Structures are given as structure tokens and as C-alpha cells.
Amino acid sequence: MQIPKDLIKEAAKKLQSVKNKSEFYNLRSHYLGKKSFVQNAFKELKNLDGKEKIRIAKSLNLLREELTDFFESVDLKVLAVKEEPYIDVTLPVNANIGKKHPISVVMDLILDYFHNLNYSSYFGNEIESDYYNFEALNFPQNHPARQMHDTFYLNKSLNDKCLLRTHTSNTQIHMMLNKSAPIYMLSPGRVYRCDHDMTHLPMFTQVEGLAVDQNISFSDLKGTIIGFIDYFFNQSVDVRFRPSYFPFTEPSAEVDIRFGKKGWLEILGCGMVHPNVLRNCNIDARKYRGFAFGVGVERLAMLYYGVEDIREFYASNSEFLNQI
Ligand code: DAH
């Protein structure tokens, strides 16, 4: 019996034109399968005799081993890559990689400024009782100022009306009741009002600030707010404090900034904490005073990014978000 010499070479040559795994398995069975030369030759051994049988059997064993090793050495992963459309892994990545939402960017800017002044943040409750959202903030029942807040009421709980907080000022009350003065706190978070148009959303974001200490005055409030606005817009901005009304502050002001061609734009509310609010929180109003402010984050973001329609921020339109 003749044993072909170059079987491995031949297999190696054929392997080069193999394009996928199934072609590979076909090739392997051609050389090692039941109908392969090697297997047939083993069957033929019985027709040989004596020394010849031993010699051929040895050679066949060797050949089978070599072929097996050869096929085992083929890296199937390379074949799998051949099977897939060609991907050049060295090309630069052209995927949309996620990034911070503009509202988070603006929120972080606000928080950074006040954290550097040693304010601490508390998130507070989004589901709140009427007491913390209104009553303790000096909005008595049936007070007309409640109408400024288009409140979403939830089911009436046993003792107290439940609602979605209309502002983050509720956290002031929790903090003043839980901590002793001096207090320097921020409350960032979501608030809810029944309102929806180009400049209002039923859910939006506010940051409340509160400072309670001895000898706090309106000029501390002014200095803090002006410092923040200059930091936020990274330039010296014209700022105006316009008298206003909030039940929980007295005196109260709204703050406007001069914004290019748009003229004066309101950006936040603030004032000196009303003594009734301090008293509701068991803080000695003769010893301590406080100032507070509330900023609408979407409103700041609209100015910061030049966005006209507040709804853009929540439309999940990746083109808009990427452009920003
Ligand atoms: N809570 C007010 C609102 O949502 C904003 C505000 C105004 C907060 C004046 C304050 C403040 O702390 O002093 O409209």
C-alpha cells in the first residue's frame, strides 16, 4: 500500500481557500472522516501480512496524528472573522457616546458654586403634605398665593392633603425642623405644576437655597446672588432686584438680569425668611435671620444654551441634545 507523502501540505493549501466554519469541517472530514484515505487505509490493513502490516500501521498512525494536530492547530476565531463582513477595528469610533443632559450640566454648575460656599444639598420629598409645601411656608388655607401654584393633589391621606410638591421650598421646612441654626443648605430637585406651554412644564427642576444665621442681612443675599450669577455666566452681568411677593419671605424680590437684545429677564425669586416661617420651625426669630432663594433650572438652561422652547429638554431628541 502506498501512503501519499504530501497529505498535510495538500490540506494546508486547501485550507487557504476555506471561507467559513462549515467548509472547514468538510475539509477536516475529507482527511480524517470515515471515508477519508486514512480511515480506508486502516480498513485495508487486514489484507496485509506480517512486517508489512506493522510498517504501514505505524505510518498510518503517524499520519493520522499529524493530520489531527494540523486541524487542531487551526484557529477557528480567525475563520469566524472571515465569515463576518470585514470590520476594521482600527478605524476611529463614530458612535454616539452618551453625555450629561443639559439640565444636569446647569444643575452641577449651580451646585458647584454653592458647595464651594459650604452649602450642603438635601433632595427632600417630591410627594409632600400640604403642611410642608404650603402651610408651614406661611401660605394659610385659602390664601390667594396658593393659586399661583397649580397644584397636583394626590389622594387625600388621613390627616393631611397629599400633593406633588410645587416647589423645593418644602425642604427648607424639613431642614429647619431637623437641624439647628446656623444652616446653609440647597435643595435641588423636581417640582410639579399643572402647566404646559413653551416656557412651562408640568415637571421641572428647581434649586432652593437657604441660609439661617445670626446677623444675616439682605446685603448678604444680594452678594450671594450676584456672585452666583457672575460665576454662572462667567462674566459680569447687570443684575436688578425687583420688589415682589412670596408668602415665606419678607421682604421678597425677583431678580432680573440684562440679557443682550432681550432686555431684562427674570431668573429667580428670593427674600429674607419670614419670621413666621422661622417660628413654625422652632427657630428663635429674634436671634436668627435667614435668606432664601429659588432658581428654575430649565429657565437658566434656556438662557445658557439659547433654547427657546423648554419642551426641547425632555423630548429625547438626540439631535437636539447632541447639538447642545
Ligand atoms: N418657591 C418659589 C417658587 O417656586 C421660588 C422662591 C422664591 C423660593 C423666593 C425662595 C424664595 O426661597 O425666597 O415660585
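Values for this structure:
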| item | result |
| --- | --- |
| Charged-residue dipole, Cβ positions (Lys, Arg, Asp, Glu), segment 134-221 about Cα centre, Debye nearest 20 | 280 debye |
| Separation of the Ser236 and Trp264 label points, Cα + 7 Å toward Cβ, nm | 2.1 nm |
| Ratio of Rg to Rh over the chain (Cα coordinates, Kirkwood Rh, two decimals) | 1.49 |
| When each of Lys21/Lys77; Lys179/Lys222; Lys179/Lys287; Lys19/Lys77 is checked by Cα-Cα distance, pairs over 19 Å | Lys179/Lys222 |
| ³J(HN,Hα) computed for each position of segment 12-17 - Karplus, 6.51 cos²θ - 1.76 cosθ + 1.60, integer Hz, glycine/proline x | 4, 5, 5, 4, 4, 9 |
| MRE, 222 nm, helices only [DSSP H, n ≥ 4, -39500 (n - 2.57), over the chain, to nearest 500] | -11500 deg cm²/dmol |
| Listed residues Thr68, Gly269, Phe152: farthest to the positive end of the dipole of the chain (Cβ charges) | Thr68 |
| Stretch gain in nm, segment Asp220-Gln147, where the contour uses 0.36 nm per residue and the Cα spacing is subtracted | 23.2 nm |
| Relative pair counts by distance (%), Cα atoms of segment 119-271, 5 Å bins | 2, 8, 15, 20, 21, 17, 10, 5, 2, 0, 0 |
| Positive minus negative residues near Ala292 (Lys, Arg vs Asp, Glu; Cβ under 14 Å) | -3 |
| Spatially proximal aspartates and glutamates relative to Lys14 (Cα-Cα < 12 Å; intrachain offsets below 8 disregarded) | Glu23 |
| Solvent-accessible area, 1.4 Å probe, carbon plus sulfur percent, for the chain | 51 percent |
| Interchain or long-range residues, amide H under 5 Å from Ala253's placed H | Ser244, Cys270, Gly271 |
| Over the chain, relative contact order from alpha-carbon pairs under 8 Å, at least 6 apart, % | 14 percent |
| Karplus 3J(HN,Hα) series, Hz, for segment 66-73 with 6.51 cos²θ - 1.76 cosθ + 1.60 (x for Gly, Pro) | 4, 5, 4, 4, 4, 5, 5, 7 |
| Approximate spin-label separation Asn317-Ala95, in nm, with each point projected 7 Å along Cα-to-Cβ | 2.6 nm |
| Solvent-accessible area per residue, Å², over segment 1-78 with all protein chains present [probe radius 1.4 Å] | 73 Å² |
| Per residue accessible area of segment 102-323, 1.4 Å probe, in Å² | 49 Å² |
| Among Gly296, Phe233, Cys281 the positive-end extreme of the charge dipole of segment 222-303 (Cβ point charges) | Cys281 |
| Most to least accessible of Asp238, Asp130 (protein chains only, probe 1.4 Å) | Asp238, Asp130 |
| DSSP-defined antiparallel bridges as percent of all bridges, the chain, nearest 5 | 95 percent |
| In nm, spacing of pseudo-spin labels at His115 and Lys35 (7 Å Cα→C-beta vector) | 7.3 nm |
| Residue-by-residue Karplus 3J(HN,Hα) for segment 231-246, coefficients 6.51, -1.76, 1.60, Hz, glycine and proline x | 5, 4, 8, 6, 6, 7, 10, 6, 10, 9, 9, 10, x, 8, 9, 9 |
| Dmax and Rg, reported as Rg then Dmax, of segment 7-82 (C-alpha, Å) | 14.5, 50 |
| Extension gain from Phe42 to Met203, taking 0.36 nm per residue of separation minus the Cα-Cα distance | 49.8 nm |
| Of Asp150, Asp75, Asp108, the one that fluctuates the most in a GNM where the chain has Cα springs shorter than 10 Å | Asp75 |
| Charge dipole magnitude, Cβ of K and R +1, D and E -1 - the chain, Cα centre, debye nearest 20 | 1660 debye |
| Relative contact order for segment 158-232, counting Cα pairs under 8 Å that sit 6 or more residues apart, in percent | 29 percent |
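The values are calculated or read from the model by the stated rules, or taken from the named source; none is laboratory data. Nothing here was measured: the structure is a model prediction, and the numbers come from that model. Here the Cβ is made from the backbone with ideal geometry for all residues, glycine too, and neighbour counts use every protein chain on show. Accessible surface is based on the protein model in full, side chains and every heavy atom, while ligands, DNA and RNA are left aside. Shrake-Rupley method; radii C 1.70, N 1.55, O 1.52, S 1.80 Å.
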